[in-house]
Amino acid sequence: MVGPKAKRSAVIAMLKEKNFSTSKVCRALGLCRSTFDYQNKVKDDSTIKTRMSAIVERHRRYGLPRVHWLLRREGLVRNHKRTARIYRSMKFQIKLRKGKKKVNVIRMPLAKPNQRNQVWSMDFIFDRLENGRTLKVFNVVDDFSKVCVGQIVDSSITGDRLVKFFSSLEELPTWLRCDNGPEFWSKSFQAWVYDNIKIDFIDPGKPTQNAFVESFNGKFRSECLNENLFFSLDHAREVIEEWRNEYNEIRPHRTLNGKTPKEFESELKFSYQPKTQGLSLVTS
C-alpha cells in the first residue's frame, strides 16, 4: 500500500515532467488536494522550554508526569505527548537509583480510610546539620487526603513534645498509626492517647504496614533533605516548612489524579460523604 508521502512525491515528479494541473494529477494518483497542499507548522516551544527549565531547576526530583501536571495547570500544554517530546529533547530524565535485591514476602493490603481525619500516620526521619549535629524530623500525614498535617524539626523529640504538638492542633483523627518507637511508648504520650484518641501500632520490623508515611518520607528525603544544606535548626525549620507548604498546595500528587492535597481536601467539602465511617484496625 502506497502512503501519502510516496504519492506526494509522485505528484511533484509528474508536475515537473508534464504540464498537468495539480488537481488532475492528485485525482489520478488518489491523493487528496488538501493533503498535497499541507505545510508543516513549526510549533514555538520556547515558552514551554523556559518554564520547564525553571520547574526542573527548582524541583530537581520532579519527573515527567509531575512536570506535565504543573505545565497543564498553567495552561501551557494539554497533550502529555508534547511535554514528553520537549522533556526528552532537553534531556531532563531523572537517573533512578538502583534498588537492592529484596526477599519475596507475603504482601497484605493496607486498610484504607474513606474520609479525612480518619487515620493519620506518623514517623521520624533523620538527617544532619552542617556542624554535624543530629536533625530529627517528626512527620504526620493524613492517609486519605495525603495532607502533611504537621512536622516537628529539632535535634531531639520526646513524648512530652509530641503531646504538646497534638494538643495544639484544631482537629484530631480517629486513629493514629505508628511504629514501636520509644517516643510513642513513653508514659506521657500513652496517657494522652488513652484520654483522647485510638492508636494502631504496626508489627515490629514491618514498615510496609505504615506505608503511607513511609512513602511520604521517601519524597521528603528525595526532594528536601537531599537537596538542601542545613546550617542551623532555625534554617532547617524554615526550609522544611516551605517545602511542606509547597507539598500541600503546589506539588501535584499522582494518587490524587494530579491534584494537590489541599485541592483534593477542598473538593471533599462539596462532595458526597460516605455513610461507612468505620475502619477496621487491629492494635498490638
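The values are calculated or read from the model by the stated rules, or taken from the named source; none is laboratory data. The shown structure was predicted, so the numbers you read here are calculated from the model rather than taken from an experiment. Please note: Cβ atoms are built from the backbone with ideal geometry, for glycine as well, and neighbour counts cover all protein chains shown. To get the accessible areas, we keep the full protein, side chains included, count just its heavy atoms, and leave off ligands, DNA and RNA. Shrake-Rupley method; radii C 1.70, N 1.55, O 1.52, S 1.80 Å.
For every residue, the table says whether it meets (1) under 21 Å from the mean Cα position of the chain (by Cα); (2) part of a strand (DSSP E or B); (3) at pLDDT below 90.
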residue	(1), (2), (3)
VAL67	yes, no, no
LYS81	yes, no, no
TYR87	yes, no, no
LYS100	no, no, yes
VAL103	no, no, yes
ASN114	yes, no, yes
SER121	yes, yes, no
GLY132	no, no, no
GLN151	yes, yes, no
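For the stretch 218-236, taking the residues that are within 24 Å of PRO173 (Cα to Cα) and touching a residue at least 12 places away in the same chain (Cβ under 8 Å), the one that is surrounded by the fewest Cβ atoms within 10 Å (Cβ to Cβ) is identified as LYS219. The listed residues are ARG116, ARG161, and the only one of them that is free of Cβ contacts under 8 Å to residues at least 60 places away in the same chain and of a type in the set (Lys, Arg) turns out to be ARG161. Which of the residues belonging to the stretch 128-146 are open to solvent by 10 Å² or more (accessible area, probe 1.4 Å) and closer than 17 Å to SER215 by Cα? Selection gives PHE144, LYS146.
Of the set (1) of a type in the set (A, V, I, L, M); (2) in contact (Cβ under 8 Å) with a residue 40 or more places away in the chain; (3) more than 16 Å from PHE124 (Cβ to Cβ), all apply to VAL239 but (2). Can you find even one residue in the stretch 221-239 that is part of a loop (DSSP other than H, G, I, E, B), farther than 21 Å from VAL149 by Cβ and modelled with pLDDT under 90? No - not one qualifying residue is present in the stretch 221-239. Taking the criterion of being part of a helix (DSSP H, G or I) and open to solvent by 50 Å² or more (accessible area, probe 1.4 Å), the residues of the stretch 191-217 that qualify are ALA191, TYR194, ASP195, ASN196, PRO207, THR208, GLN209, GLU214, SER215.
Annotation: of all residues in the stretch 165-179 being without any contact (Cβ under 8 Å) to a residue 60 or more places away in the chain and assigned to a loop (DSSP other than H, G, I, E, B), the one that is least open to solvent (accessible area, probe 1.4 Å) is PRO173. Could you tell me whether ARG61 is within 45 Å of the chain's Cα centre (by Cα), modelled with pLDDT under 85 and under 22 Å from GLU246 (Cα atoms)? Answer is yes for this residue. For the stretch 27-43, which positions are under 15 Å from SER9 (Cβ atoms) and either in contact (Cβ under 8 Å) with a residue 40 or more places away in the chain or among the β-branched types (Val, Ile, Thr) (or both)? Listed by number, the list holds a single entry, THR35.
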